[in-house]
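The values are calculated or read from the model by the stated rules, or taken from the named source; none is laboratory data. It should be emphasised that the depicted structure is a prediction, and the values quoted were computed from it without experimental measurement. Note that each Cβ is placed from the backbone with ideal geometry, even for glycine, and that neighbours are counted across all protein chains shown. What goes into the accessible areas is simple: the full protein's heavy atoms, side chains included, and nothing from ligands, DNA or RNA. Shrake-Rupley method; radii C 1.70, N 1.55, O 1.52, S 1.80 Å.
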Amino acid sequence: MSVEQLEANSDCRRVEDISLLSHSKSVDDVYIPQVAKNCKPKVGQEFESIDGAHEFYIKYAKEAGFSVRISSTKRCKGANEVVRKEFVCFKEGVSSIKDGERKSCRGMTRENCKAKLAVVRSKTGKFVITVFVEEHSHPLSTPQRVHLLRSHRSVSEAKKSLTLQFSAANVPTHQQISILEFEAGGIENIGCTKKDIYNHEAKVQNELRGQDAELLKEYFLTEQEKDPCFFFKIDVDDDGKLKRCFWTDSVSRRAYGCFDDVIVFDTTYNTNQYDMIFAPFVGVNNHGQKVLFACAFLSDEKTESFIWLFELLKDSMPMNNPKMIITDQDPPMTKAIVRAYRIHFIGIVVGT
């Protein structure tokens, strides 16, 4: 064996020994990732686009055990086209927080790591790797934990669609994660964390904020297409905000025609998110079971709102008038019932 081969073998063993020092602070604190050659970037390697170079470096980083972030971008004057971009390890730089000032148990996010990759746009329009530093100043993540690093976490379009369907079916987020984990064959294969799912759902809710009334109307119209006897009414204020709404379907209307002798009407339920009053109309069938006649959301408990509500109930149901309405002793509600049904109202207190 030649001297060159012995030196090469010695260097390979030294690199391997360095890579195994996951918690050691020897050998100048150098940690070199051990990855397949086809996954390792090379100076002079070309890519069709910046995104292609970024995706390749992220794939390499996942195999190596670190996260990637963009350090700098240089653009061509006038054309505003990217001509150079530099990607670095997420622990590049120096933390501005001193050790004595650190209050949380978070690990160091800046350890002056020099690992980086830079690409420059060539005359042919392709992007070429001009700088590649693979040595890190910190231990690399294990394969069991690399999926928790920021650049390797994302909620895919398929998972966004799936979580949207789960949310529509009232599946809690922690159960959604369990389903995704089972489907992927392990939590490390999901591609995102529970916090990412929570953040995505919060983002969707923020985007829909202010459009809830329109979405509710669209839902009611969809139900009306499926059920021609579905009836609804939405009332808005001068600012276009939802003021009150009423709805009932064919099943509830038929039930009212059979069991309308006694109606229970209670407005003690408040919603948390919209601060609106939920007002269900409930009866009892011949089996002693509860049946739902109609539902409504009200923004207040004024006489005007109750008149609006009871007039809609009377118009949407068969012509039979109830013999008794069980509710609380609310004066505006009493006036509305007497006015809507033209009957002497007898109040029966429910609860306290």
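Residue 144 - would you say it is more than 11 Å from the chain's Cα centre (by Cα) and farther than 24 Å from residue 69 by Cβ?
no
Among the residues of the stretch 288-305, which ones are assigned to a loop (DSSP other than H, G, I, E, B) and closer than 21 Å to residue 231 by Cα?
Hit for the stretch 288-305 is 299, nothing else.
Residue check: is residue 104 surrounded by 11 or more Cβ atoms within 10 Å (Cβ to Cβ), small (Gly, Ala, Ser) and modelled with pLDDT under 80?
no
Could you check, for the stretch 216-225, whether at least one of its residues is part of a helix (DSSP H, G or I), open to solvent by less than 50 Å² (accessible area, probe 1.4 Å) and touching a strand residue (DSSP E or B) at 6+ places or on another chain (Cβ under 6 Å)?
Yes, the stretch 216-225 has at least one match.
Farther than 30 Å from residue 225 by Cβ, β-branched (Val, Ile, Thr), open to solvent by 80 Å² or more (accessible area, probe 1.4 Å) and modelled with pLDDT under 75: is that true of residue 334 in this structure?
When the stated conditions are applied, residue 334 does not pass them.
What number of residues in the stretch 136-152 are assigned to a loop (DSSP other than H, G, I, E, B) and at pLDDT 90 or above?
Result for the stretch 136-152: 0.
Yes or no, residue by residue, for (1) surrounded by 11 or more Cβ atoms within 10 Å (Cβ to Cβ); (2) of a type outside the set (S, T, N, Q); (3) within 19 Å of residue 235 (Cβ to Cβ); (4) at pLDDT 75 or above:
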| position | (1), (2), (3), (4) |
| --- | --- |
| 279 | yes, yes, yes, yes |
| 288 | no, yes, no, yes |
| 292 | yes, yes, no, yes |
| 322 | yes, yes, no, yes |
| 329 | no, no, no, no |
| 349 | no, yes, no, no |
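In the stretch 36-56, what residues are open to solvent by 30 Å² or more (accessible area, probe 1.4 Å) and among the hydrophobic types (A, V, I, L, M, F, W, C)?
Correct list: 36, 43, 56.
Taking only the stretch 34-66 into account, find how many residues are among the polar types (S, T, N, Q) and modelled with pLDDT under 90.
Residues in the stretch 34-66 being among the polar types (S, T, N, Q) and modelled with pLDDT under 90: 2 in total.
Are any residues in the stretch 57-73 among the hydroxyl-bearing types (Ser, Thr, Tyr) and open to solvent by 70 Å² or more (accessible area, probe 1.4 Å), and if so, which ones?
Residues satisfying the conditions do not exist here.
Out of the residues in the stretch 226-262 that are at pLDDT below 90 and part of a loop (DSSP other than H, G, I, E, B), state the one that is nearest to residue 307 (Cα to Cα).
237
Kindly indicate whether residue 204 is in contact (Cβ under 8 Å) with a residue 12 or more places away in the chain and of a type outside the set (Phe, Trp, Tyr).
yes
Which one of these does residue 115 not meet: (1) more than 18 Å from residue 49 (Cα to Cα); (2) of a type in the set (Gly, Ala, Ser); (3) at pLDDT 85 or above; (4) loosely packed, with under 15 Cβ neighbours inside 10 Å?
(4)
Can you report the number of residues in the stretch 191-202 which are of a type outside the set (D, E, K, R) and at pLDDT 80 or above?
Total meeting the criteria: 4.
For the stretch 159-214, give me the residue count where each residue is over 29 Å from residue 144 (Cβ atoms), open to solvent by less than 70 Å² (accessible area, probe 1.4 Å) and outside any helix (DSSP H, G or I).
Residues meeting the conditions: 1.
In the stretch 263-275, which residue that is open to solvent by 20 Å² or more (accessible area, probe 1.4 Å) and outside any strand (DSSP E or B) is modelled with the lowest pLDDT?
272
So, of the residues in the stretch 226-253 that are among the basic types (Lys, Arg) and touching a strand residue (DSSP E or B) at 6+ places or on another chain (Cβ under 6 Å), which turns out to be least open to solvent (accessible area, probe 1.4 Å)?
244
Count, please, the residues in the stretch 49-96 that happen to be part of a loop (DSSP other than H, G, I, E, B) and either of a type outside the set (D, E, K, R) or in contact (Cβ under 8 Å) with a residue 24 or more places away in the chain (or both).
Summing the residues that are part of a loop (DSSP other than H, G, I, E, B) and either of a type outside the set (D, E, K, R) or in contact (Cβ under 8 Å) with a residue 24 or more places away in the chain (or both) in the stretch 49-96 gives 15.
Check the stretch 217-225 and report whether any residue there is of a type in the set (A, V, I, L, M, F, W, C), modelled with pLDDT of 90 or more and within 18 Å of residue 279 (Cβ to Cβ).
yes
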